[in-house]
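**Q** A single structure is presented below for examination.
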Amino acid sequence: MTSMTWLQQEQHLAPYAAQGMTSRGRRHEEIIDPARSPYARDRDRIVHATAFRRLEYKTQVFVNHEGDLFRTRLTHSMEVAQISRALARNLRLNEDLIEAIALSHDLGHTPFGHAGQDALHACMADFGGFEHNLQSLRIVDVLEERYGAFDGLNLTFETREGILKHCARNKAELLGDVGRRFLDGTQPSLEAQLTNIADAIAYSNHDIDDGLRSGILSIDGMREMGLFALHHDEVRQRFPDLRGRREVLETVRRMINAMVVDLTTTTAAQIAACGVYSIDDVRAAPRLAQFSTQMHVEMQQLKKYLMDHLYRHYQVMRSGTKAKRIVTNLFDAFMDEPRLLPPDYVVDEGGALQAVRIADYIAGMTDRYAMKEHVRLFAAHEA
């Protein structure tokens, strides 16, 4: 039995799904691959990218050396991809595209998570700041060096617009077509919209898991959240003898499922209510991918709880403070003496261009590489 080609598979997608044959193309024209859709090629290029491999040793919440079983940016990206594919399948959207966006959405993250980004943004204040979404786009457009014909990965427009979740107007004006929607108020594809929410589903639930594993969060404390308490009660009723990690994982699994079902149902209703029949309709409509009002409230409460009890916990804050110091020290040292940089990152013109290349270098570091580089530069016993 012959399997369907990607062109035949796309015929079964919803009319408002992104289609490879009607893609807005790549920055550098390429011949279409008969064996893989344009979005499947994007996904494959991302998986083989150096920046993707580095995510294995970049912080999600807990610094990589704090435990082998905590999430990293790589495992988080894979979990976002799994949730995104489920949403795409439910709504007959393009699974190749949504997976490509999910796997690439965090490529530009610094070492040490948001603490590292905040520090690098402060360092770059006089040079336009630093934002990991823009850095992700810069990586796939410019920084990856794999192909003879072009810099970057030469991804499709639809994947690139999905990577760019948010952008200030002054930055959007410099990005051409991919930044246009931030100027004219239109929307990206449904695949991009849903990946953005899948990101929130993944990190909220898996940060609960990691927070409980670390001992910073407790089940009694989490039960203050109605959504957690609801599904935790269901688990205890269904499995009265279940305790420990399996109890936590079963509860988190049910929460993720509830969010995915709610998002699917509400988005489908929005699509029908707005009379959406094409991807052009998606772009012109209000934002279609959304939770129900009740689930939105539950999600906001959950995010606030995690902010107050996990992200701002003194142990996490201590790690963040150390991380900010490492990033700031590295940036200042390289700005004061660019010859400390590897030659490929030295810019003759200096100034803002040199600052951007320093940011490229630091943002590309893993947690442990940044720590080793800091020791090499500042520890007296290191040669």
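The values are calculated or read from the model by the stated rules, or taken from the named source; none is laboratory data. All figures in this text were calculated on a predicted structure; none of them were measured in a lab. Every residue, glycine as well, gets a Cβ built from its backbone with ideal geometry; the counts of neighbours run over all protein chains shown.
**Q** Do the conditions hold for residue 188, that is, is it outside any helix (DSSP H, G or I) and out of contact with any helix residue (DSSP H, G or I) (no Cβ under 8 Å at 6 or more places or on another chain)?
**A** no
**Q** A further question on this structure: Can you tell me which residue in the range 210-259 is nearest to residue 87 (Cα to Cα), limited to those that are part of a helix (DSSP H, G or I) and hydroxyl-bearing (Ser, Thr, Tyr)? Before the answer, list the steps.
**A** Keep residues of the range 210-259 that are part of a helix (DSSP H, G or I), which gives 210-214, 219-222, 226-238, 245-259.
Then keep just the ones that are hydroxyl-bearing (Ser, Thr, Tyr); that gives 214, 251.
Values: 214: 30, 251: 20 Å.
So, considering only residues that are part of a helix (DSSP H, G or I) and hydroxyl-bearing (Ser, Thr, Tyr), the one nearest to residue 87 (Cα to Cα) is 251.
**Q** Here's another thing I want to ask about it. So how many residues does the range 246-263 have that are under 20 Å from residue 309 (Cα atoms) and exposed (fewer than 14 other Cβ atoms within 10 Å of the Cβ)? Even if it seems obvious, please write down each step before you answer.
**A** The first filter runs over the range 246-263 and keeps only residues under 20 Å from residue 309 (Cα atoms), leaving 248-249, 251-252, 255.
Now drop any that are not exposed (fewer than 14 other Cβ atoms within 10 Å of the Cβ), which leaves none.
Residues flagged as under 20 Å from residue 309 (Cα atoms) and exposed (fewer than 14 other Cβ atoms within 10 Å of the Cβ) within the range 246-263 amount to 0.
**Q** So is residue 89 part of a helix (DSSP H, G or I) and either without any contact (Cβ under 8 Å) to a residue 40 or more places away in the chain or over 15 Å from the mean Cα position of the chain (by Cα) (or both) or not?
**A** Working: part of a helix (DSSP H, G or I): yes; either without any contact (Cβ under 8 Å) to a residue 40 or more places away in the chain or over 15 Å from the mean Cα position of the chain (by Cα) (or both): yes.
Yes: the conditions hold for residue 89.
**Q** Another one. Answer yes or no as to whether residue 279 is under 27 Å from residue 214 (Cα atoms), modelled with pLDDT of 95 or more and surrounded by 19 or more Cβ atoms within 10 Å (Cβ to Cβ).
**A** For residue 279, the condition - under 27 Å from residue 214 (Cα atoms), modelled with pLDDT of 95 or more and surrounded by 19 or more Cβ atoms within 10 Å (Cβ to Cβ) - is not met.
**Q** Here is a further query. Please work out which one of (1) under 23 Å from residue 185 (Cα atoms); (2) touching a residue at least 40 places away in the same chain (Cβ under 8 Å) is the condition residue 224 fails and give its number.
**A** (1)
**Q** Here's a follow-up. Pull up the range 21-63, narrow it to residues that are outside any helix (DSSP H, G or I) and among the small types (Gly, Ala, Ser), then point me to the one that is modelled with the lowest pLDDT.
**A** It comes out as 35.
**Q** Pull out all pairs, ordered by first then second residue, where Cβ-Cβ is under 6 Å, the residues are six or more apart or on different chains, the first lies in the range 139-167 and is touching a residue at least 12 places away in the same chain (Cβ under 8 Å) and within 10 Å of residue 42 (Cα to Cα), and the second is assigned to a loop (DSSP other than H, G, I, E, B) and of a type in the set (Asp, Glu).
**A** Listed pairs, sorted by first residue: 153/144.
**Q** Also: So which residues in the range 341-358 are in a loop (DSSP other than H, G, I, E, B), at pLDDT 95 or above and either loosely packed, with under 15 Cβ neighbours inside 10 Å or polar (S, T, N, Q) (or both), if there are any at all?
**A** Once the filter is applied, which keeps residues that are in a loop (DSSP other than H, G, I, E, B), at pLDDT 95 or above and either loosely packed, with under 15 Cβ neighbours inside 10 Å or polar (S, T, N, Q) (or both), the range 341-358 yields only 342.
**Q** Between 118, 141, which is farther than 18 Å from residue 163 by Cβ, among the acidic types (Asp, Glu) and at pLDDT 95 or above? Talk me through it step by step, then tell me what you get.
**A** Numbers: 141 fails: farther than 18 Å from residue 163 by Cβ.
Exactly one of 118, 141 is farther than 18 Å from residue 163 by Cβ, among the acidic types (Asp, Glu) and at pLDDT 95 or above, namely 118.
**Q** Same structure again: Which residue pairs have Cβ atoms closer than 7 Å, lie 6 or more positions apart in sequence or on different chains, and pair a first residue in the range 337-350 that is farther than 17 Å from residue 376 by Cα with a second residue that is of a type in the set (S, T, N, Q)?
**A** Pairs found: 347/354.
**Q** What residue, among those in the range 282-312 that are of a type in the set (D, E, K, R) and outside any helix (DSSP H, G or I), is surrounded by the fewest Cβ atoms within 10 Å (Cβ to Cβ)?
**A** Applying the filter and picking the extreme gives 312.
**Q** Further question on the same structure: Specify which of the listed residues (287, 312) is more than 30 Å from residue 214 (Cβ to Cβ) and within 28 Å of the chain's Cα centre (by Cα).
**A** 287
**Q** Shifting gears a bit: Determine which single condition residue 316 fails, assuming it passes every other condition in (1) touching an Asp or Glu at 6+ places or on another chain (Cβ under 7 Å); (2) in a helix (DSSP H, G or I).
**A** Here residue 316 clears every test but (1).
**Q** Considering only the range 91-109, I want to know if a residue exists there that is at pLDDT 95 or above, surrounded by fewer than 23 Cβ atoms within 10 Å (Cβ to Cβ) and more than 30 Å from residue 270 (Cβ to Cβ).
**A** Among the residues of the range 91-109, not one is at pLDDT 95 or above, surrounded by fewer than 23 Cβ atoms within 10 Å (Cβ to Cβ) and more than 30 Å from residue 270 (Cβ to Cβ), which makes the answer no.
**Q** Looking at (1) over 27 Å from residue 23 (Cα atoms); (2) surrounded by 20 or more Cβ atoms within 10 Å (Cβ to Cβ); (3) among the small types (Gly, Ala, Ser), which one does residue 229 not meet, given that it meets all the others?
**A** Going through (1) over 27 Å from residue 23 (Cα atoms); (2) surrounded by 20 or more Cβ atoms within 10 Å (Cβ to Cβ); (3) among the small types (Gly, Ala, Ser) one by one, residue 229 breaks only (2).
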